[in-house]
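**Q** The following block contains the structure, expressed as C-alpha cells.
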Amino acid sequence: MTSPSDHFANERTFLAWVRTGIALIGFGFVIAKFALFLEILKGEKSIGGSVAYGEVMIILGGGVIAYGIYNYLRNEKDLFKNTYTPKTTENAMFALAVLLISIVLALLII
C-alpha cells in the first residue's frame with residue numbers, strides 16, 4: 001500500500017526534473033543571445049557555432065522535461081498499482097546520453 005508521502009516524493013522528483021530542464025533552457029538562451037551580442041559588437045559573424053551550442057542546450061532542456069514527465073507518469077501508475085520497481089537502467093541510460101552530449105559539446109568548443 002502506498003502512502004501519500006510516496007506520491008509527494010514522486011511529485012518533488014518531477015518538479016526537480018522540470019527545474020533542471022528550465023535551467024538548461026535558460027542557459028541555452030544565454031549562450032545563444034550572448035553569441036549574437038558579441039557578433040553585433042564586433043560587426044562580423046565569427047561566433048556562429050555558439051548559437052548552435054545554445055540551441056542544443058535548449059533542446060536538451062526540453063528533453064529533460066519530457067523525460068521527467070514520462071518518469072513521473074510511469075511512477076504514478078506503478079505506485080497506484082503498488083508494483084513500483086526502480087528504473088535504474090533507464091535512468092542510467094538517460095544520464096549517459098546527457099553526459100555524451102555534454103562531452104561532444106565540450107570537444108566541439110576546443
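The values are calculated or read from the model by the stated rules, or taken from the named source; none is laboratory data. What you see is a predicted model, and the numbers here were worked out from it, not measured in a lab. Because the Cβ atoms are built from the backbone with ideal geometry, glycine has one as well, and the counts that use them run over all protein chains shown. These area figures cover heavy atoms from the full protein model, side chains too; ligands, DNA and RNA do not enter into them. Shrake-Rupley method; radii C 1.70, N 1.55, O 1.52, S 1.80 Å.
**Q** Could you please let me know if Val30 is in a helix (DSSP H, G or I), in contact with a Gly (Cβ under 8 Å, 6 or more places away or on another chain), of a type in the set (Val, Ile, Thr) and surrounded by fewer than 14 Cβ atoms within 10 Å (Cβ to Cβ)?
**A** Values: in a helix (DSSP H, G or I): yes; in contact with a Gly (Cβ under 8 Å, 6 or more places away or on another chain): yes; of a type in the set (Val, Ile, Thr): yes; surrounded by fewer than 14 Cβ atoms within 10 Å (Cβ to Cβ): yes.
Yes; evaluated as a whole, the condition is true for this residue.
**Q** Pairs needed: first member in the range 84-110, open to solvent by 60 Å² or more (accessible area, probe 1.4 Å); second member anywhere, polar (S, T, N, Q); C-beta distance under 7 Å; at least 6 residues apart or different chains.
**A** Qualifying pairs under 7 Å: Tyr84/Asn75.
**Q** Now, a different point. Quick check on my filter: what residues within the range 1-15 are open to solvent by less than 70 Å² (accessible area, probe 1.4 Å) and either touching a residue at least 12 places away in the same chain (Cβ under 8 Å) or among the charged types (D, E, K, R) (or both)?
**A** Within the range 1-15, Thr2, Asp6, His7, Asn10, Thr13, Phe14 qualify.
**Q** Does Tyr70 fit the bill of being open to solvent by 50 Å² or more (accessible area, probe 1.4 Å) and assigned to a loop (DSSP other than H, G, I, E, B)? Walk me through it before giving the result.
**A** Numbers: open to solvent by 50 Å² or more (accessible area, probe 1.4 Å): yes; assigned to a loop (DSSP other than H, G, I, E, B): no.
No: the conditions fail for Tyr70.
**Q** How many residues, within the range 52-110, are small (Gly, Ala, Ser) and over 15 Å from the mean Cα position of the chain (by Cα)? Break it down stepwise before answering.
**A** In the first step, residues of the range 52-110 are kept if they are small (Gly, Ala, Ser); the result is 52, 54, 61-63, 66, 68, 92, 95, 97, 102, 106.
After this cut, where a residue has to be over 15 Å from the mean Cα position of the chain (by Cα) as well, the list is 52, 106.
Total meeting the criteria: 2.
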